[in-house]
Amino acid sequence: MEQQKNKIRAEIKLPFILIHTPFGLDFFDKVAKWRAAKVYADFNTYFMPAITALAIFLIVGSLLVMFSNADARAGVASVGWQANLLIPGLNPYLPITYGWIALIVTIIIHEAGHGVVARVYNIRVDSTGIVLFLGLPVGAFVNIEREELNKTTLKRKSAVLTAGPLNNMILAGASLLALYFIISTLTPLPPDPNSPQFGVMVVNVNQPSLAASVGIVPGSIIQYVAGSEIRALENLSSTLRDNLGRTVDITWLTQDGETVTRQVAIPLEPVGPILGVGVTTVSPDPQAVLDRYKGAFGTNPLALLLPPTMQQGAVPYSDLMAPKYTSSVFGAAFAPLANMLFWLWFINFNVGIFNALPIGPLDGGQLYGSLIEKRSKSKALAKNANMLLTLAMTAIVVATLVLPHVNLPF
């Protein structure tokens, strides 16, 4: 058995391939001997409820907003169900390079937390390794000996289970602080005198949509709809609404400066955004964008969870806005660093709070299940209570995913 654990071996669980290696075991044993690891293990025991409370607050808050706001439901529905997945390539707003790197780092940090704290308390770790999805690395795994974990004290079990989500939240916070440092070094460059003087710039196009059907792509600048000049975001919305059920001309500039006009039949009762595009002002004020973004770090950090790929005109390091700034420390190279830090913050935060939810196999579900079992006089009652908690939380999560696609009568 010991000889088997010291070998590199593959385990196929399609579409995943698990590569078991002995290297993580040695690392966990070494780190577990550090005094800092013992302090961390004792320190993190009580943090799971705080992370869980934050997760439930965000999910329930999102559910209430979508239940009461038709525009919010339409906006979420327009981005597609893939936007709920943290899988680069499937999620249209998650860049492949930044996304894969951040996802791999996130899962490694998460699993390493479990492994190190387990070894601090001499709980056996059976195996470690990396996970491949269709041949591509997507993270890591740590198999802790379940019987030993279940036999240990509730406090120690809490420390082991909390270490993963807490590691993610710590890395998310560190990434956000580093991102703030980079943003603080930015200054706007002089404006380009050759840029278009009016219109709204398209930053993303939904598939399928009216915009996609006529060839509007990200970077296009919509200047006329039905003969009316479009000079602000509200002009586009109001002009489209005024022409419901009609066929109108839409004129835009391509990224090459070519003027294109196409006829578009606007539905009488559109479902979701009429054109199916995300837009920003053609020339956002770089200083105003920078000031607003910096201010959000102190007033509402959670607002910074909206990806730069979804709000190009409001993020200084987005593809649209990055050329308008320079950094006193990083020069023009600030944008890749800022984007990498954003996705580390975004993915670690989401993985951390999701794993803290009281849902069966998740870290939070395992911990609260053990707590219910300890406080209950009947194993059957504890099992039923844990299942009820899991079902209730799962129903809330599913509701947030389904509600945007349901036509409510208000």
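Could you list all residues from region 392-410 that are part of a helix (DSSP H, G or I) and of a type in the set (A, V, I, L, M, F, W, C)? Talk me through it step by step, then tell me what you get.
Here is the first cut: in region 392-410, the ones part of a helix (DSSP H, G or I) are 392-405.
Listed by number, the residues that qualify are Ala392, Met393, Ala395, Ile396, Val397, Val398, Ala399, Leu401, Val402, Leu403.
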Inset, instruction - Looking for whichever is among the β-branched types (Val, Ile, Thr), surrounded by fewer than 20 Cβ atoms within 10 Å (Cβ to Cβ), assigned by TED's automatic domain parsing to the domain that holds Trp100 and closer than 30 Å to Gly113 by Cβ here; the options are Ile353, Ile372, Ile359. Which one fits? - result: Ile372
Legend entry - Filter result (loosely packed, with under 15 Cβ neighbours inside 10 Å and either in contact with an Asp or Glu (Cβ under 8 Å, 6 or more places away or on another chain) or farther than 20 Å from Gly99 by Cβ (or both)) within region 66-84: Ser68, Asn69, Ala70, Asp71
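Looking at region 46-62, is at least one residue within 26 Å of Ala356 (Cα to Cα), of a type in the set (Phe, Trp, Tyr) and free of Cβ contacts under 8 Å to residues at least 60 places away in the same chain?
Within region 46-62, the subset within 26 Å of Ala356 (Cα to Cα) is 46-62.
Checking which are of a type in the set (Phe, Trp, Tyr) leaves us with 46-47, 57.
If we keep only those that are free of Cβ contacts under 8 Å to residues at least 60 places away in the same chain too, we end up with 57.
Yes: one or more hits.
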Inset, instruction - Would you confirm whether any residue within region 62-73 is in contact with a helix residue (DSSP H, G or I) (Cβ under 9 Å, 6 or more places away or on another chain), at pLDDT below 75 and in the same structural domain as Ile130 (by TED's automatic domain parsing)? - result: yes
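I'd like to know if region 96-117 contains one or more residues that are closer than 25 Å to His405 by Cβ and either buried (at least 16 other Cβ atoms within 10 Å of the Cβ) or in the same structural domain as Arg9 (by TED's automatic domain parsing) (or both). Let's see the steps before the verdict.
Kept after step one, since they are closer than 25 Å to His405 by Cβ, are these residues of region 96-117: 99.
Cutting the leftovers down to either buried (at least 16 other Cβ atoms within 10 Å of the Cβ) or in the same structural domain as Arg9 (by TED's automatic domain parsing) (or both) gives us 99.
Among the residues of region 96-117, at least one is closer than 25 Å to His405 by Cβ and either buried (at least 16 other Cβ atoms within 10 Å of the Cβ) or in the same structural domain as Arg9 (by TED's automatic domain parsing) (or both), which makes the answer yes.
Yes/no matrix, rows are residues, columns are (1) part of a helix (DSSP H, G or I); (2) hydrophobic (A, V, I, L, M, F, W, C); (3) in contact with a Cys (Cβ under 6 Å, 6 or more places away or on another chain):
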{"site": "Met310", "(1), (2), (3)": "no, yes, no"}
{"site": "Ser318", "(1), (2), (3)": "no, no, no"}
{"site": "Gly360", "(1), (2), (3)": "no, no, no"}
{"site": "Ile372", "(1), (2), (3)": "yes, yes, no"}
{"site": "Leu381", "(1), (2), (3)": "yes, yes, no"}
{"site": "Met387", "(1), (2), (3)": "yes, yes, no"}
{"site": "Thr390", "(1), (2), (3)": "yes, no, no"}
Legend entry - Any chance Ala140 is assigned by TED's automatic domain parsing to the domain that holds Val31, part of a helix (DSSP H, G or I) and hydrophobic (A, V, I, L, M, F, W, C): no
Legend entry - Checking Leu132 against (1) at pLDDT 90 or above; (2) surrounded by fewer than 22 Cβ atoms within 10 Å (Cβ to Cβ); (3) hydrophobic (A, V, I, L, M, F, W, C), the condition it does not meet: (1)
Inset, instruction - Please name all residue pairs, on different chains or six or more residues apart, with Cβ atoms under 7 Å, provided the first residue is in region 103-114 and is of a type in the set (Val, Ile, Thr) and the second residue is part of a helix (DSSP H, G or I). - result: Val105/Leu344; Thr106/Asn168; Thr106/Ile347; Thr106/Asn348; Thr106/Val351; Ile109/Asn167; Ile109/Asn168; Ile109/Leu171
Legend entry - Qualifying residues in region 6-20 (those that are surrounded by fewer than 10 Cβ atoms within 10 Å (Cβ to Cβ) and assigned to a strand (DSSP E or B)) - the one farthest from the chain's Cα centre (by Cα): Ile12
Inset, instruction - Would you please name the residue that is surrounded by the most Cβ atoms within 10 Å (Cβ to Cβ), looking only at residues in region 287-308 that are touching a residue at least 60 places away in the same chain (Cβ under 8 Å) and out of contact with any strand residue (DSSP E or B) (no Cβ under 7 Å at 6 or more places or on another chain)? - result: Tyr293
Legend entry - Output for region 331-369, where each listed residue is touching a residue at least 40 places away in the same chain (Cβ under 8 Å) and within 21 Å of Gly295 (Cα to Cα): Phe334, Leu337, Ala338, Asn339, Met340, Leu341, Phe342, Trp343, Leu344, Trp345, Phe346, Phe349
Inset, instruction - Among the candidates Phe16, Phe43, single out the residue that is out of contact with any helix residue (DSSP H, G or I) (no Cβ under 7 Å at 6 or more places or on another chain), over 24 Å from Val406 (Cα atoms) and at pLDDT below 85. - result: Phe16
Legend entry - Residue identified as under 19 Å from Trp343 (Cα atoms), in contact (Cβ under 8 Å) with a residue 60 or more places away in the chain and not in a helix (DSSP H, G or I) among Asn204, Asn168: Asn204
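The values are calculated or read from the model by the stated rules, or taken from the named source; none is laboratory data. As the structure is a computational prediction, the values presented were derived from the model and not from experiment. We place every Cβ from the backbone using ideal geometry, glycine too, and count neighbours over all the protein chains shown.
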